[in-house]
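Participant: Provided herewith is a single structure, encoded as structure tokens, for subsequent inquiry.
What follows is calculated from the coordinates using simple rules that are stated; it is not laboratory data. As the structure is a prediction and not an experimental result, all values here were calculated from the model. Neighbour counts are summed over all protein chains in view; Cβ atoms, including those assigned to glycine, are modelled from backbone coordinates with ideal geometry.
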Amino acid sequence: MTYVTFPLDKPLDFAAIGRLCIDLNANEIHRPMEETMTFTKYVGGSPANITIGMARLGLQTAFIGKIANDQMGRFIEDYLQRNRIETTNVVTDQTGAVTGLAFTEIKSPTDCSILMYRDNAADLLLTPAEVQESLIARAKVLLISGTALAQSPSREAVFQALSYAKKHGAVIVFDLDYRPYTWKSAEETATYYNLAAEKCDIILGTREEFDMMERFETNPEKDDRITAAKWFDYSAKIVIIKHGKEGSIAYTPDGVGHRAKSFPAKVVKTFGAGDSYAAGFIYGIMQGWTIEKSMEYGSAAACIVISSHSCSDAMPTAAQVDDYIERCNRGEITAS
Ligand SMILES: Nc1ncnc2c1ncn2[C@@H]1O[C@H](COP(=O)(O)OP(=O)(O)OP(=O)(O)O)[C@@H](O)[C@H]1O
Ligand SMILES: O=C(O)C[C@@H](O)[C@H](O)C(=O)CO
């Protein structure tokens, strides 16, 4: 059964809009940040990570965003280009804004946190006028991510991109990517998330992210099926609710709840799971695979990333995902 139809005549497989920043991941793991002395620098930001994942899987990709006019901004642009990601709509800020930094603390495979430095971050300064309609017109898929809705003018830039995507028939994916520190109030967050979600074909989020969006609604049992059903009255064709290690459920308008097996992983750190899962899942759906097979692919991609030190740099190729699934099926990989 096909739930989403992609405009196959378009040359660009995937475009994403939003945050480009830097991850500084602790080298000395299994200790708190207070005792961590050195970090490795990677490109970061959830939509950037997903785009890198899609490029590694072999798709034609582009990014729409804003970088600081500094060494970090140039590092990001160079990394995207080296990964064959089109950067014609990556705009350089001219106001002195800086690159957002995410210092990650890896205390244990299950206890990780992120310390964010995001004052005057360039990515939130993208304006609607800077979003290229011609790029979105070429894309089969536009992915938006929730953090870009947190402030103006990037919020308006995302809504402008949504309107171009609707006009030109791109499939719209919303990765909720809720980072509370970027927002002023829970009410503001829920309002803008709901307004954006109404326009999207595929919505992916964790149970906690959907709870935030249901602030003004009644779902006392936090029932995934009730959560998903709301969006089928708007544009959604697939709503995925993620439950960490327990896996995820994908709902479709016919009322089916699709589940897929998840895989074991030797976990180094938990962050990056959602981004790699999204890349693997969207890739699968774009290949015309079933929802279950696409979810399985996303889960395997997630296992590879959480077993690695980085998020972006660890995004797997298709051969690596296939190999991981085969090795799991042969029982060669066990959980940490
Ligand atoms: N410990 C784990 N072992 C195996 N698979 C995992 C584990 N954690 C996450 N996954 C896989 O990754 C998918 C997405 O993970 P999760 O629900 O944690 O997303 P997320 O909260 O968006 O991730 P992130 O921490 O990157 O924000 C899960 O559905 C599952 O398939
Ligand atoms: O999203 C961020 O700003 C931090 C990310 O770059 C980090 O890699 C992560 O949390 C992945 O989801």
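Participant: What pairs from Lys245/Lys269; Lys10/Lys237; Lys140/Lys167; Lys261/Lys293 go past 18 Å between their alpha carbons?
Facilitator: As for pairs spanning more than 18 Å Cα to Cα, those are Lys10/Lys237.
Participant: Dipole size in debye (nearest 20) for the chain around its Cα centre, Lys and Arg Cβ +1, Asp and Glu Cβ -1?
Facilitator: Here the size comes out at about 500 debye.
Participant: Okay, moving on. Given only helices, namely DSSP H runs of n ≥ 4 each adding -39500 (n - 2.57), what is the per-residue ellipticity at 222 nm of the chain, to the nearest 500 deg cm²/dmol?
Facilitator: After summing the helix terms and dividing by residue count, I get -10500 deg cm²/dmol.
Participant: Within the chain, what percent of beta bridges assigned by DSSP are antiparallel, to the nearest 5?
Facilitator: 35
Participant: Under 1.5 on a/c is rounded, so check that first for the chain, then, if it is not, pick prolate when a/b is larger than b/c and oblate when it is not; a ≥ b ≥ c are the square roots of the alpha carbon gyration tensor eigenvalues.
Facilitator: rounded
Participant: Order these peptides, 141-154, 268-281, by their mean beta-carbon neighbour count within 10 angstrom, highest first.
Facilitator: Final packing ranking: 268-281, 141-154.
Participant: Using +1 on the beta carbon of Lys and Arg, -1 on that of Asp and Glu, and nothing else charged, what's the dipole of region 9-118 about the Cα centre, debye to 20? Could you put the intermediate results ahead of the total?
Facilitator: On the way: 11 positive and 13 negative charges, 40 e Å.
In total the dipole reaches around 200 debye.
Participant: Starting from the Cα gyration tensor of region 82-185, take the square roots of the eigenvalues, sort them a ≥ b ≥ c, and report rounded, prolate or oblate (rounded when a/c is under 1.5, otherwise prolate if a/b is larger than b/c, else oblate).
Facilitator: prolate
Participant: Something else now. Taking the Cβ of Gly274 as the center, what net charge do the other residues with Cβ under 15 Å away carry, scoring Lys and Arg +1 and Asp and Glu -1?
Facilitator: Surrounding charge for Gly274 is -1.
Participant: Report the label-to-label distance for Arg225 and Thr334 in nanometres (one decimal), using points 7 Å from each Cα along the Cα→Cβ vector.
Facilitator: 3.7
Participant: Can I ask one more? What are the lysines whose alpha-carbon lies under 18 Å from the alpha-carbon of Lys184, with same-chain residues fewer than 8 places away excluded?
Facilitator: Partners within reach: none.
Participant: Also, quick follow-up: Taking the Cα centroid of region 166-183 and of region 312-336, what is the distance between the two, rounded to the nearest whole Å?
Facilitator: 28
Participant: Where the centre of each part is set by its Cα atoms, how far does region 80-104 sit from region 10-55, in angstrom?
Facilitator: 12
Participant: Would you mind working out the magnitude of the charge dipole of region 158-260 relative to its Cα centre, with +1 at each Lys and Arg C-beta and -1 at each Asp and Glu C-beta, to the nearest 20 Debye? Don't skip to the answer; put the middle values down first.
Facilitator: Values: 14 positive and 17 negative charges, 67 e Å.
That gives a dipole near 320 debye.
Participant: Mind checking the full-extension length gain between Thr317 and Asp211? Use 0.36 nm per residue of separation minus the Cα-Cα distance, one decimal, nm.
Facilitator: 34.9 nm
Participant: Exactly which trypsin sites (Lys or Arg not before Pro) in region 77-179 are in a DSSP loop and have at most 15 other Cβ atoms within 10 Å?
Facilitator: Of the trypsin sites (Lys or Arg not before Pro), the ones in loops of region 77-179 whose Cβ has at most 15 other Cβ atoms within 10 Å are Arg84.
Participant: Here is a follow-up. Residue farthest toward the positive end of the dipole of the chain, with Cβ of Lys/Arg at +1 and Asp/Glu at -1: which of Val43, Val98, Cys112?
Facilitator: Of the candidates, Val43 comes out farthest on the positive side.
Participant: Another question, then. What helices in the chain pass both tests, a Cα length along the helix axis of 18 Å or more and a mean Kyte hydropathy of -1.0 or higher, using whole DSSP H runs?
Facilitator: Details: long enough: 154-168 (21 Å, -0.61); 273-286 (20 Å, 0.79); 291-306 (22 Å, 0.83).
Counting only whole DSSP H runs, the qualifying helices are 154-168, 273-286, 291-306.
Participant: Another question, if that's okay. Based on the mean of other beta carbon atoms within 10 Å per residue, what is the order of 53-60, 249-256, 96-103, most packed first?
Facilitator: 53-60, 96-103, 249-256
Participant: Of Trp231, Ala170, Thr182, which is farthest on the positive side of the dipole of region 162-263, counting Cα position, with +1 on Lys and Arg Cβ, -1 on Asp and Glu Cβ, and the Cα centre as origin?
Facilitator: Ala170
Participant: Would region 121-280 count as rounded, prolate or oblate if I go by the C-alpha gyration tensor, calling it rounded below 1.5 in a/c and otherwise prolate when a/b exceeds b/c, oblate otherwise?
Facilitator: Working: a/c = 1.41, a/b = 1.38, b/c = 1.02.
Rounded.
Participant: How about region 169-232: which trypsin sites (Lys or Arg not before Pro) there are in a DSSP loop, with at most 10 other Cβ atoms within 10 Å of their Cβ?
Facilitator: Those satisfying the criteria are Lys184.
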